[in-house]
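Report on one structure; see the data block that follows.
The values are calculated or read from the model by the stated rules, or taken from the named source; none is laboratory data. Since the structure is predicted, the reported quantities are computational estimates derived from the model, not experimental observations. Cβ placement follows ideal geometry from the backbone for every residue including glycine, while neighbour counts extend to all protein chains displayed.
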Amino acid sequence: MALESATIEDTPREVFTVGRKIGFDNEKYLKEQTTEILKRVKKYSNKLYLEFGGKLLYDYHASRVLPGFDPNVKMRLLQQLKDKADVLLCIYSGDIERRKVRADFGITYDADAFKLIDDLKSWGIDITAVVITRFASQPAAKIFKNKLERRGVRVYTHLFTKGYPTDVDLIVSDEGYGANEYIETKKPLVVVTGPGPGSGKLATCLSQLYHDYRKGFKSGYAKFETFPIWNIPLDHPVNIAYEAATADIGDFNMIDPFHLQAHKKTTINYNRDVEVFPVVKRILKKIMGNGSVYQSPTDMGVNRAGFGIVNDEVVRKAAVQEIISRYFRYSCEYMLGFVEKEAVERAELLMKNLDAKPTDRAVVLPARQAAQGAQQNGHGNEGVYCGAAIELADGSIVTGKNSILMHAASSMVLNAIKKLADIPDKIHLLSPHLIESIGRLKKDVLKAKAVSLDLEEILIALSISAANNPTAQVAMEKLSELKACEVHMTHIPTPGDEKGLRKLGINLTSDTDFASSSLFES
């Protein structure tokens with residue numbers, strides 16, 4: 001029997017995946033952002049420490065809310081400036097100790113640091129040094145440090161800054177920033193990045209400024225930002241999407257009161273930058289004197305993203321979809337124990353304020369209908385009925401459901417590539433005997449409780465089948481067309497499904513039910 005397939009042709013609508021409507025001119029943004037950075041470098045004859053907010057690589061949030069944005073545009077910019085730039089990577093020791101996870105990759109922050117170093121090398125850029133911030137000899141942080149140093153990477157440790165944030169005289173002293181190791185850099189631009197918020201980038205920049213001024217070098221500081229975008233409205237969905245993305249840490253956008261007072265212009269910033277600005281201003285004044293002090297947090301930033309928006313309607317709609325996706329993500333992370341209920345409630349409130357609802361995500365209802373179909377037909381696995389749906393580039397939606405042979409995500413992907421390759425439903429991509437053989441291996445040899453094949457296993461089986469089956473080969477070649485497609489599942493994906501979907505570059509959300517009653521294998 002061929003795999004069950006269902007295709008629901010949706011009514012005409014806007015969609016926002018790669019190759020669709022573009023709302024952002026990436027090349028214009030790259031040119032303007034590079035020009036602005038070089039202006040800041042020129043302002044300081046010795047050195048500019050540029051704090052990179054957000055992700056240096058794979059900024060998928062930006063690419064989702066600004067269709068047309070290259071998620072690696074910062075790396076392209078850095079590659080253009082690599083002859084002028086050193087790169088420092090900061091990571092908070094506490095994040096290493098508690099094994100904080102980067103949600104879009106599903107890896108811990110220390111693993112993300114290793115990955116970033118490797119990724120930079122692949123772009124022809126070497127990390128100058130890694131800085132472990134607020135270091136207190138935590139065992140996991142010491143292991144992380146040892147691993148890097150034994151692979152030839154320079155590592156510095158910075159302590160919690162004494163006196164921060166109230167005692168500026170202590171902060172800007174030999175007991176404060178002076179207690180940190182000075183990081184030797186050679187180039188006029190020093191990019192200071194990190195795997196996430198709270199990594200200690202600002203403290204590293206200010207510590208370096210302190211040491212430079214003591215040595216007689218008049219260095220400067222600026223901040224590379226993308227969100228919130230200062231020159232679009234406070235209630236613009238793109239800016240609200242930033243609040244949704246940071247609902248777990250409580251960030252919110254606001255009018256920059258310092259910029260309004262100093263320049264009589266309304267600009268948008270976010271609470272942490274506004275709250276810390278008076279302290280930063282006092283510290284900069286203490287280090288640098290009166291001549292180089294910024295008047296507002298907006299002045300500190302280098303952010304030309306707003307000038308890259310070329311279709312406001314497209315980015316508004318994309319941002320609303322991102323807010324809905326964040327609501328689903330936080331709901332699942334709450335069930336998994338990663339976030340508190342407040343994050344879910346915050347994301348839900350932001351969604352409702354835009355008159356949006358979860359089912360406005362086009363793949364949600366088809367996935368739930370697929371699960372209902374599985375239940376009606378008795379095609380579930382161990383009493384659990386799962387559905388999955390994917391929106392393809394032409395706007396059509398293809399679904400899949402679970403069975404005793406495979407997971408819903410596996411069925412969905414096979415059905416999707418069959419549709420893309422115009423392969424009739426009755427033609428097999430995988431022999432049932434092959435699937436059953438793998439199932440027996442899992443059950444009889446590997447002693448797995450669940451023998452139904454997850455997406456990673458199905459993709460391996462497909463590659464094996466493609467060696468002797470030309471139809472499977474044609475279908476497998478269509479996998480790349482699934483990149484940036486939207487998917488929803490009725491159950492929290494298993495690790496094998498999640499990894500498979502992530503490797504295919506698919507944007508995934510799910511409902512909060514578990515696919516299994518097992519605590520270990522869920």
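Couple of notes before you dig in:
- Yes/no for Arg282 being surrounded by fewer than 22 Cβ atoms within 10 Å (Cβ to Cβ) and either within 30 Å of Glu348 (Cβ to Cβ) or among the polar types (S, T, N, Q) (or both): no
- Of the helices (runs of 4 or more DSSP H) lying entirely inside region 55-108, not one contains at least 2 residues that are in the same structural domain as Lys499 (by TED's automatic domain parsing) and either closer than 19 Å to Ser199 by Cβ or under 13 Å from the mean Cα position of the chain (by Cα) (or both).
- Among the residues of region 407-434, those identified as part of a loop (DSSP other than H, G, I, E, B) and not charged (D, E, K, R) are His407, Ala421, Ile423, Pro424, Ile427, His428, Leu429, Leu430, Ser431.
- Count of residues meeting criterion [surrounded by fewer than 22 Cβ atoms within 10 Å (Cβ to Cβ) and of a type in the set (Phe, Trp, Tyr)] in region 285-327: 2
- Check on Val320, without any contact (Cβ under 8 Å) to a residue 60 or more places away in the chain and either closer than 26 Å to Arg346 by Cα or hydrophobic (A, V, I, L, M, F, W, C) (or both): no
- In region 388-406, the count of residues that are assigned to a helix (DSSP H, G or I) and in contact with a Leu (Cβ under 9 Å, 6 or more places away or on another chain) is zero.
- Looking across region 451-495, the residues that are crowded, with 19+ Cβ neighbours inside 10 Å and small (Gly, Ala, Ser) come down to Ser452, Ala461, Ser465, Ala472, Ala475, Ala484.
- Candidates Ile492, Ile458, Ile423 - the one that is in contact (Cβ under 8 Å) with a residue 60 or more places away in the chain and of a type in the set (A, V, I, L, M, F, W, C): Ile492
- Pairs with Cβ under 7 Å, 6+ apart, first in region 337-361 and part of a loop (DSSP other than H, G, I, E, B), second exposed (fewer than 13 other Cβ atoms within 10 Å of the Cβ): none
- Pick from region 259-302, criterion touching a helix residue (DSSP H, G or I) at 6+ places or on another chain (Cβ under 8 Å) and in a loop (DSSP other than H, G, I, E, B), ranking: nearest to Pro228 (Cα to Cα): Thr267
- Residue within region 411-427 that is within 20 Å of Ile438 (Cα to Cα), in the same structural domain as Leu455 (by TED's automatic domain parsing) and in contact with a Cys (Cβ under 7 Å, 6 or more places away or on another chain) present: no
- Positions within region 130-148 being without any contact (Cβ under 8 Å) to a residue 60 or more places away in the chain and buried (at least 19 other Cβ atoms within 10 Å of the Cβ), in sequence order: Val130, Ile132, Phe135, Ala141, Phe144, Lys145, Leu148
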